[in-house]
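> A single structure is presented below for examination.
The values are calculated or read from the model by the stated rules, or taken from the named source; none is laboratory data. What you are looking at is a predicted structure, and each value in this text was computed from that prediction instead of being measured. Using ideal geometry, Cβ is built from the backbone for each residue, glycine included, and neighbour counts are taken over all protein chains shown. Calculation scope for accessible area: heavy atoms of the full protein, side chains included, ligands and nucleic acids excluded. Shrake-Rupley method; radii C 1.70, N 1.55, O 1.52, S 1.80 Å.
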Amino acid sequence: MLFSCLTLSIATGGFAQTKIHKSTAEGRAYYIDCSAPPNGTGISPASPLNSLDALRSLVPVPGDVISFRRGTQCHGLLAPQGSGSAQAPIRLTAYGEGPRPRIIAPAASEESLRLFNQEYWDVDSLDFSGGSTYGIFISGDKGILHHVHLKNLTVHDVLGGEMKSKDNGLVLITPGSVDQHFDDVLVDGVTAWNTQEWMGIMIGGGKFGFPPESTWSTNVVIRNSMVHDVQGDGIVLFRGRGGKIESSVAWNTGMQITETTGTPNAIWTWMCDDCAVSQNEAFLTDSPGVDGGAFDIDYGNTKNSVIDNYGHDTQGYCIAVFGAGFVTRESTVHGNVCVNNGRSPRMANYQGAIFLYTWNGGSIDGLTVENNTVYWGPYEKAPALLNNAQIMAGTTVFRNNKIYSTSPWLVKSSSALAFAQNKYTYFGAGKAEWQWGARTFSGLPQIQQATQQEDGSTFDQQPLSQWSNVFRAASARSNADEVFSRKYINVAGQPFTISRTGKNWRLYCEVPVSFDEQGLIDDDALKQIVFLKSLDQQYRARGLKVVLLLVPENSQEIRSAVMRNAISDLDLNGIPVAFSKAGGEQSILVSPQGEVVQQWKGFAGPAALGLAARAWIGEPAYSQMGVNGNE
């Protein structure tokens with residue numbers, strides 16, 4: 001990890017303030033404190049503006065910074081004017097110390113933050129809630145709008161309106177006409193939850209049919225973000241080129257009771273060219289119809305990939321690749337881990353864990369499904385891989401995958417899909433089955449001899465009683481004496497002891513941390529912390545105690561207001577935090593008896609953490625998420 005830590009706190013009028021001018025053209029600073037008396041000038045923290053109405057009278061120019069005081073609330077619609085420039089964006093941010101400033105929209109307002117036909121904006125460190133249709137709505141109706149960056153935000157409780165389309169929800173950056181699109185969009189460290197509308201986070205959208213690729217948005221990234229409790233989709237990229245969804249988590253998606261709008265998934269892409277979905281986690285996904293899956297490469301996509309994700313405990317599939325009306329080309333599904341998908345018997349039978357499907361004349365041309373691991377335990381006999389797609393012959397392969405299944409029906413596929421070097425393990429009695437083309441085969445040797453498929457593949461059969469141990473084989477014992485020998489202090493500067501023994505399982509995670517030029521935590525640290533938070537909520541009631549051990553490059557930052565604000569903004573929900581002057585990036589899982597049963601050097605991804613927790617602690621306690629189950 002590269003560090004570029006800066007001294008980011010200055011004393012101004014009794015406030016700890018983030019350094020705010022980093023552009024090449026310095027702008028003006030405006031301060032807003034909605035708890036302050038009226039008639040402030042807004043040009044200093046000692047004389048702030050005190051309402052959103054006062055802010056609307058300003059016309060910011062490139063390089064301006066508009067800061068809301070931490071720990072305060074402003075009621076109304078935040079709809080600032082103006083645009084920045086490529087050299088000097090306008091920034092909306094926070095000053096002072098404490099929780100994020102809150103912008104609370106009334107039910108009569110469609111959204112809490114609105115930017116329309118505006119560009120070169122950085123928005124960070126704020127909390128948005130309320131509104132009838134959107135939380136954050138950024139759009140336009142002409143030309144290319146550049147550089148919209150949303151970082152370190154919370155967006156929630158959009159509950160006031162009737163759901164009329166998919167283009168409503170918590171965070172929407174969406175064209176307002178076929179003649180408008182975006183370039184350089186970043187959604188980073190945004191947590192969005194609780195809406196009666198469809199969408200969690202969307203870049204793209206709009207009801208414009210199928211416009212040419214020249215009108216699609218470019219260079220769009222969603223990362224280090226979390227979405228939950230939405231009626232429809234979690235995180236999506238529509239009509240984009242060079243897009244990424246990475247290091248993010250979605251759960252409790254597809255919560256609509258009766259289908260009126262569509263059939264949702266957690267994290268997916270549509271009409272995307274060269275888009276990647278990587279190192280994400282999705283679970284507790286549902287749908288009022290079909291889908292209800294974790295990840296999918298939808299129709300109209302070219303050169304899309306789903307890589308190193310963790311999809312578990314879904315009503316529908318883990319991963320799907322679709323074609324409808326178009327050819328879905330050059331897709332890759334690689335290195336993903338799928339656990340307990342198809343919790344709905346209906347959707348398990350219809351979709352499986354990995355689902356290939358086409359309709360309306362669509363097809364798939366060029367698909368590699370490789371190095372994935374599927375733990376498939378449906379409630380009835382259903383195949384782990386289900387291929388009902390029209391596939392261009394000779395272009396699609398399923399190879400080097402591992403399938404562990406309690407269902408004897410392992411594969412259902414047309415003969416256009418090639419199979420090689422897979423590892424199948426069936427836990428149960430009777431013969432395992434493969435359906436390839438119009439024929440059904442009992443046992444791997446039969447399909448190998450009759451079809452020339454599954455060259456190099458292996459099969460093993462175990463008693464069903466061994467299924468409970470299937471995750472234990474994926475874990476490994478280790479030791480980590482240096483973690484226990486280091487000296488740590490807590491946020492108050494007092495000694496913090498790392499103990500080998502205790503009544504709980506413990507996950508100690510050392511995370512190097514630095515700050516960017518805006519005083520926000522670096523992406524490498526956020527990437528790890530997102531998945532620690534996800535694991536903590538799933539396993540706290542099972543007795544797992546997650547402890548975050550931060551290692552700043554500059555030890556003086558430990559006691560700074562910038563660090564205190566950063567810890568507050570992480571919304572750790574009681575996860576203990578300590579600091580060390582030394583250490584690297586590593587995590588260790590310690591048993592109540594003090595044994596280090598698992599160690600990760602470097603980044604510990606969602607699948608690695610999730611499989612280790614299942615191996616040693618058991619299934620997640622979803623009904624207890626948000627409950628403090630351990631001290």
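> In what order, largest first, do Arg28, Arg114, Arg100, Arg346 sit by accessible area if the probe radius is 1.4 Å? Mind showing how you got there, number by number?
Working: Arg28 105, Arg114 75, Arg100 25, Arg346 130 Å².
The residues order as Arg346, Arg28, Arg114, Arg100, largest area first.
> Report, by chain and number, residues whose modeled amide H sits under 5 Å from the one on Met255, excluding near sequence neighbours (fewer than 5 apart, same chain).
Val230, Gln231, Gly232
> Assigning unit charges at the beta carbon (Lys, Arg +1; Asp, Glu -1) and nothing else, what dipole magnitude in debye, to the nearest 20, does the chain show about its Cα centre?
Roughly 1320 debye, rounded to the nearest 20.
> To continue, here is another question. Under 5 Å between amide H atoms, partner at least 5 residues away or on a different chain: which partners does Trp409 have, H built in plane at 1.01 Å?
Counting only residues 5 or more places away or on other chains, the set is Ala382, Glu433.
> Once the whole set of protein chains is in place, how much accessible area is left on Glu619, using a 1.4 Å probe, in Å² to the nearest 10?
80 Å²
> Right, another one. Treating the beta-carbon of each Lys and Arg as +1 and of each Asp and Glu as -1, no other charges, what is the dipole magnitude of the range 128-244 about its Cα centre, to the nearest 20 debye?
In total the dipole reaches around 200 debye.
> Separate question: For the chain, just the Cα set please: Rg and Dmax, both in angstrom.
Expressed in Å, the Cα Rg and Dmax of the chain come to 25.3, 86.
> Semi-axes of the equivalent ellipsoid of the range 399-482: what are they in whole Å, largest first, if each equals the square root of 5 times a C-alpha gyration tensor eigenvalue?
Taking √(5λ) for each Cα gyration eigenvalue gives 30, 16, 9 Å.
> Considering only protein heavy atoms and a probe of 1.4 Å, how much of the accessible area of the chain is carbon and sulfur, as a whole percent?
49 percent
> On to the next question. What is the sum of charges around Lys431, taking Lys and Arg as +1, Asp and Glu as -1, for the other residues whose C-beta is under 14 Å from the C-beta of Lys431?
-1
> Just reorder Asp365, Asp141 by solvent-accessible area, largest first, 1.4 Å probe, all chains present. Don't jump to the answer; show the numbers that get you there.
Working: Asp365 40, Asp141 70 Å².
Result of the area sort, largest leading: Asp141, Asp365.
> Another one. Quick one: accessible area per residue over the range 476-631, 1.4 Å probe, rounded to a whole number of Å²? Kindly include the intermediate steps, with their values, before the conclusion.
Details: 6070 Å² over 156 residues.
On a per-residue basis, the range 476-631 sits at 39 Å².
> If the range 319-454 were replaced by its equivalent ellipsoid, with semi-axes equal to the square roots of 5 times the Cα gyration tensor eigenvalues, what would those be, largest first, whole Å?
Output for the range 319-454: semi-axes of 22, 17, 14 Å.
> To continue, here is another question. Projected onto the charge dipole of the chain (+1 at Lys/Arg Cβ, -1 at Asp/Glu Cβ, origin at the Cα centre), which of Ser534, Gln593, Gln180 gives the Cα projection farthest towards the positive end?
Gln593
> Another question about this same structure. Determine the dipole magnitude for the range 78-175: charges of +1 sit on the beta-carbon of Lys and Arg, -1 on that of Asp and Glu, nothing else is charged, the reference point is the Cα centre, and the result goes in debye to the nearest 20. Kindly include the intermediate steps, with their values, before the conclusion.
Details: 8 positive and 11 negative charges, 17 e Å.
Charge dipole, the range 78-175, about its Cα centre: 80 debye, nearest 20.
> Placing +1 on the Cβ of each Lys and Arg and -1 on the Cβ of each Asp and Glu in the chain, which of Ala79, Ser442, Asn309 has its Cα farthest towards the positive end of the resulting dipole?
Ser442
> While we're looking at this one, here's another question. Can you list residues whose amide H is under 5 Å from Trp505's amide H, if they're 5+ apart or on another chain and H is modeled 1.01 Å from N?
Those lying under 5 Å, H to H, from Trp505 are Lys545.
> Could I ask something else about it? For a paramagnetic label modelled at 7 Å from the Cα of Glu259 toward its Cβ, which residues of the range 156-199 fall within the zone defined by backbone nitrogen distances under 18 Å?
164-167, 198-199
> Quick check: Cα centre of the range 267-311 to Cα centre of the range 526-557, how many Å?
Rounded to whole Å, the Cα centres lie 26 Å apart.
> The range 151-297: percent of C-alpha pairs farther apart than 27 Å?
Across the range 151-297, Cα pairs with separations above 27 Å total 13 percent.
> Ignoring ligands, DNA and RNA, what accessible area per residue does the range 124-283 give at 1.4 Å, in Å²?
27 Å²
> Solvent-accessible area of Tyr120, probe 1.4 Å, all protein chains present, reported in Å² to the nearest ten, please.
Using a 1.4 Å probe on the heavy atoms, I get roughly 40 Å².
> Sorted by accessible area (1.4 Å probe), largest first, how do Arg506, Arg223 line up?
Output order, biggest surface exposure first: Arg223, Arg506.
> Return the loop-located chymotrypsin sites (Phe, Trp or Tyr not before Pro) in the range 199-280 (DSSP other than H, G, I, E, B) with at most 16 other Cβ atoms within 10 Å of their own Cβ; answer none if there are none.
Phe208
> Report the calculated FRET efficiency for Thr458 and Leu58 (r = Cβ-Cβ distance, R0 = 56 Å), to the nearest 0.05.
Working: r = 68 Å, r/R0 = 1.22.
Once rounded, the FRET efficiency stands at 0.25.
> Something else: Which one of Ser344, Gly130, Ala192 is farthest out on the positive end of the charge dipole of the chain, using unit charges on Cβ (Lys, Arg +1; Asp, Glu -1) and the Cα centre as origin?
Highest projection toward the positive end goes to Ser344.
> How large is the accessible surface of Asp33 in square angstrom, using a 1.4 angstrom probe and rounding to the nearest 10?
Counting only protein heavy atoms, Asp33 exposes about 10 Å² to solvent.
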